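Data first, discussion second: the structure below is written as structure tokens.
The values are calculated or read from the model by the stated rules, or taken from the named source; none is laboratory data. Remember, it's a predicted structure, so these values are computed and weren't measured experimentally. When we count neighbours, we look across all protein chains shown, and the Cβ atoms used for this are built from the backbone with ideal geometry, even at glycine.
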Amino acid sequence: MNILVLIIPTVLALILSRLLIPFIILVSYKKRLFDPVDARKQHTRIVPRLGGVAFAPIQCCLYVVTLVVLVKVFKADLNVESWALLPSFMMLICGLVMLFIGGIGDDLVGLDYKWKFILQVVVASLLPLSGLWINHLYGLFGLTHISAWIGMPLTVFFVVLIINAINMIDGLDGLCSGIVSVGCMALGILFIYYGAWLHALFAMITVGVLLPFFFINVYGVTRRRRQIFMGDTGSMTLGFSIAFLVVSFAMNNHYIKPFSEGAIVVAFSILIVPILDVARVMYLRWREGESIFKPDRNHLHHFFLDAGLSHRATMVCMIILVIFFCLFNIAVSGLMSNNLIVLLNLVSWCLFIRGCGVLKRKNFFSKVQIFINANWEIKSIAKQQNPNVNPVGTPGK
């Protein structure tokens, strides 16, 4: 397949998302559909929370239309066994539709977390039913091939975990969309490398959908554009989307891609930060005798904010952390065993959390933020004093 087959749908997804999100903002303001303000929220003003409504329809429709055009119009040879891959993509679309409906219900009227959890389990079960499940651990913990009786429940567990991990990091402008964009971009490139074009197509369409939202979500206020949040509709459908890509990459299935020794650690490296953050938060809740589903301010992004970093600096730090783990695991996957890579990941995470605690006590983050703010203020003053100076330095007319 030609690389244009990926570029054109990605650009179309970007354009459709850019057109649809402002329309959703307009409808949200007219119908007064705003995210409630409370003690846990980072915003203090009314902001629509239906941005995620744009994601799943564009992902599903554009993906299906692209495949139909390739097969029926251009008579393209996809070099895939459709009987082996079609069920998993059909279940992917079914799961996205179910989470889309449940997410809208939660964003509009609110759903009890128990019903959302049941919905997530049902949707996660669709992947093993389609034949997509973690069937190989690639020597992790001394295990290789695992039976369906273990692999299928394990897949459901990880899919639910990923959906909740993505949902829980959606507490800061640009954080969830940024991390998922990085993850889908990395997986898309890896799928291209292994010739898994159908999965790469879905990954790149997801990236295209998220880029306009990321810009509006992060810069919607400073650039005088109305801001919008993705809500549970967006976070749950994105969580399921990247879970599908991760499980597809981790599965030992030659119909998807050739065997790769480090497939499982590379696949999950994209989600190390959100998954370990969720595990840490749930442990803290359990230790304090609280429900593990009870919202609080123990997440890593809350830590950075309380330490003195701004919203944008916190978002950038966490995305850089995700990129670090992703690149590190990809780089060393062929050089050392999967067990050693996992051990290094856990040690690095623990040292990072411990180091951040030490730096917070020494007010390091607040000093960094003061330095950043001072630089921005100097640049702003310089720009105000020389508003008519062009980049060459010649005064404008």
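HIS311: closer than 25 Å to VAL246 by Cα, under 21 Å from the mean Cα position of the chain (by Cα) and of a type outside the set (D, E, K, R), yes or no?
Numbers: closer than 25 Å to VAL246 by Cα: no; under 21 Å from the mean Cα position of the chain (by Cα): yes; of a type outside the set (D, E, K, R): yes.
Here the answer is no, as HIS311 does not meet what is asked.
Could you say which residue among LEU344, LEU340, LEU321 is within 21 Å of the chain's Cα centre (by Cα) and at pLDDT 90 or above?
Being within 21 Å of the chain's Cα centre (by Cα) and at pLDDT 90 or above holds for just one of LEU344, LEU340, LEU321, which is LEU321.
Looking at the structure I just gave you, is TYR283 more than 19 Å from ASP173 (Cα to Cα), aromatic (Phe, Trp, Tyr) and at pLDDT below 90?
Values: more than 19 Å from ASP173 (Cα to Cα): yes; aromatic (Phe, Trp, Tyr): yes; at pLDDT below 90: yes.
Considered against the rule, which asks whether it is more than 19 Å from ASP173 (Cα to Cα), aromatic (Phe, Trp, Tyr) and at pLDDT below 90, TYR283 comes out as yes.
Suppose we keep only residues that are touching a Gly at 6+ places or on another chain (Cβ under 8 Å) and in a helix (DSSP H, G or I) within the stretch 286-315. Which one would you say is modelled with the highest pLDDT?
The qualifying residue modelled with the highest pLDDT is MET315.
List the pairs whose first member sits in the stretch 162-187 and is at positive phi, whose second member is surrounded by 22 or more Cβ atoms within 10 Å (Cβ to Cβ) and not aromatic (Phe, Trp, Tyr), and whose Cβ atoms are under 6 Å apart, counting only residues at least 6 apart or on separate chains?
Hits for this filter: GLY174/ASN217; GLY174/MET315.
Need pairs with beta-carbon distance below 7 Å; first residue part of a helix (DSSP H, G or I) and within the stretch 79-103, second at pLDDT 95 or above and among the aromatic types (Phe, Trp, Tyr); sequence gap 6+ or separate chains.
LEU92/PHE244; GLY95/PHE240; LEU96/PHE240; LEU99/PHE240
Do you know which residues across the stretch 86-110 are more than 19 Å from the chain's Cα centre (by Cα), among the hydrophobic types (A, V, I, L, M, F, W, C) and surrounded by fewer than 16 Cβ atoms within 10 Å (Cβ to Cβ)?
Those that are more than 19 Å from the chain's Cα centre (by Cα), among the hydrophobic types (A, V, I, L, M, F, W, C) and surrounded by fewer than 16 Cβ atoms within 10 Å (Cβ to Cβ): LEU86, MET90, CYS94, ILE101, LEU108, VAL109.
Considering each of CYS350, CYS356 in turn, give the residue that is buried (at least 16 other Cβ atoms within 10 Å of the Cβ) and not hydroxyl-bearing (Ser, Thr, Tyr).
Answer to the selection: CYS356.
Which ones in the stretch 285-328 are exposed (fewer than 14 other Cβ atoms within 10 Å of the Cβ) and under 19 Å from TRP349 (Cβ atoms)?
TRP286, ARG287, ILE320, LEU327
Give LEU335, LEU327 a once-over and let me know the one that is outside any helix (DSSP H, G or I) and either over 19 Å from PHE259 (Cα atoms) or not β-branched (Val, Ile, Thr) (or both).
Only one candidate passes the filter, namely LEU335.
Looking only at the stretch 258-274, decide whether some residue is of a type in the set (Phe, Trp, Tyr) and assigned to a helix (DSSP H, G or I).
Of all residues in the stretch 258-274, those of a type in the set (Phe, Trp, Tyr) come to 259, 268.
When the remaining residues are screened for being assigned to a helix (DSSP H, G or I), the result is 268.
The answer is yes, given that some residue of the stretch 258-274 is of a type in the set (Phe, Trp, Tyr) and assigned to a helix (DSSP H, G or I).
Residues to consider are GLY239, GLY188; find the one that is closer than 21 Å to HIS254 by Cβ and out of contact with any Lys or Arg (no Cβ under 7 Å at 6 or more places or on another chain).
Checking each option against the conditions leaves just GLY188.
If I go through the stretch 256-279 residue by residue, how many of them are touching a residue at least 60 places away in the same chain (Cβ under 8 Å) and surrounded by fewer than 17 Cβ atoms within 10 Å (Cβ to Cβ)?
Count: 2.
Considering only residues that are aliphatic (A, V, I, L, M) and touching a Gly at 6+ places or on another chain (Cβ under 8 Å), look in the stretch 125-141 and name the one that is nearest to MET152 (Cα to Cα).
At the first step, the residues of the stretch 125-141 found to be aliphatic (A, V, I, L, M) are 126-127, 129, 132, 134, 137, 140.
Still in the running and touching a Gly at 6+ places or on another chain (Cβ under 8 Å): 126-127, 134.
Working: LEU126: 10, LEU127: 9, ILE134: 7 Å.
Applying the filter and picking the extreme gives ILE134.
From the list PHE100, PHE141, PHE117, exactly one residue is of a type in the set (A, V, I, L, M, F, W, C) and either touching a strand residue (DSSP E or B) at 6+ places or on another chain (Cβ under 8 Å) or closer than 19 Å to ASN252 by Cα (or both). Which is it?
Checking each option against the conditions leaves just PHE141.
Looking for whichever is over 25 Å from ALA243 (Cα atoms), modelled with pLDDT of 90 or more and aliphatic (A, V, I, L, M) here; the options are LEU335, LEU351. Which one fits?
Testing whether each residue is over 25 Å from ALA243 (Cα atoms), modelled with pLDDT of 90 or more and aliphatic (A, V, I, L, M) leaves just LEU351.
Only one of (1) more than 19 Å from the chain's Cα centre (by Cα); (2) surrounded by fewer than 19 Cβ atoms within 10 Å (Cβ to Cβ); (3) under 30 Å from MET315 (Cα atoms) fails for PHE141. Which number is that?
Here PHE141 meets the rest and fails (3).
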